[in-house]
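S.K.: Can you keep this structure in mind? I'll have questions shortly.
The values are calculated or read from the model by the stated rules, or taken from the named source; none is laboratory data. This is a predicted model, so every value here is computed, not measured. Neighbour counts are summed over all protein chains in view; Cβ atoms, including those assigned to glycine, are modelled from backbone coordinates with ideal geometry.
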Amino acid sequence: MSEHFDAVIIGAGIAGETCARRLNTAGMRVAVVERDHVGGECAYWGRIPSKTVIGPANEVWRAQQIVGVHSPAPGRAPEMAASQHPLSERDDRLEAEALDQAGITLIRGDARVLGTGRIQVAERLVEAPHIVIAAGSTPQIPDIPGLLQAEYWTNREALRYQAIPQHVILLGGEAQAIEMAQMFRLHGSQVTVIALGSRLLSY
């Protein structure tokens, strides 16, 4: 038997949550489908976690500018970088509860659009006259010879490193890449940024 809503949002990131809340406030019966964390990529694996790592690293760097304070040995991670990132490991119970309290139905799993106004999530069939796709983004892996063999990182692996690499090459010149460049440099890595455009932060 199908479940019926006025609108279904595929994706519970920043855009999906905002859309769901506004439609809910307007009096619509809303469901949100999410296969990962409620809150999305930015909150757990993007610029918010990178900022929390940059802050302590910046304080370490400032301390190292004082005469007599030495930098950590190359390749050795400070204590704050030796464990997995707290935001990336955090569950999303509070965010899910907030949706429930607002009267928004959260459906966990992968959404499959069956046709006009019809969605399947695992064994659940959902119908709604309005479907909003707010599925977010995934890293674009460039077709560079040898990249697959190099065991590259995406933003997720980069925020879970256990030891500071001696040299980091970042492909991309937008906000998240620049924040990660700053993060690794403050921890002591050599950093090279390769950007396609003629300027950084071009958008």
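S.K.: Looking at 126, 168 in this structure, which one is in contact with a Ser or Thr (Cβ under 9 Å, 6 or more places away or on another chain), crowded, with 18+ Cβ neighbours inside 10 Å and in the same structural domain as residue 15 (by TED's automatic domain parsing)? Spell out the reasoning first.
M.R.: Details: 168 fails: in the same structural domain as residue 15 (by TED's automatic domain parsing).
Answer to the check: 126.
S.K.: Which of the residues that make up the stretch 146-173 are in contact (Cβ under 8 Å) with a residue 12 or more places away in the chain, under 26 Å from residue 198 (Cα atoms) and part of a loop (DSSP other than H, G, I, E, B)?
M.R.: The first filter runs over the stretch 146-173 and keeps only residues in contact (Cβ under 8 Å) with a residue 12 or more places away in the chain, leaving 154-156, 158-173.
Now drop any that are not under 26 Å from residue 198 (Cα atoms), which leaves 154-155, 158, 167-173.
Scanning the stretch 146-173 gives 154, 172, 173.
S.K.: Next up: I'm checking my understanding of the structure. Among residues of the stretch 11-64 that are modelled with pLDDT of 75 or more and of a type in the set (Val, Ile, Thr), which one is farthest from the chain's Cα centre (by Cα)?
M.R.: The extreme case among them is 25.
S.K.: When only residues in the stretch 93-123 that are among the charged types (D, E, K, R) and without any contact (Cβ under 8 Å) to a residue 12 or more places away in the chain count, which is surrounded by the fewest Cβ atoms within 10 Å (Cβ to Cβ)? Quick ask: steps written out before the conclusion?
M.R.: Taking the stretch 93-123 and keeping what is among the charged types (D, E, K, R), we get 93, 95, 97, 100, 108, 110, 112, 118, 123.
Okay, now just the ones that are also without any contact (Cβ under 8 Å) to a residue 12 or more places away in the chain, so 93, 97, 100, 112, 123.
Working: 93: 9, 97: 12, 100: 11, 112: 12, 123: 6.
Ranking the candidates gives 123 first.
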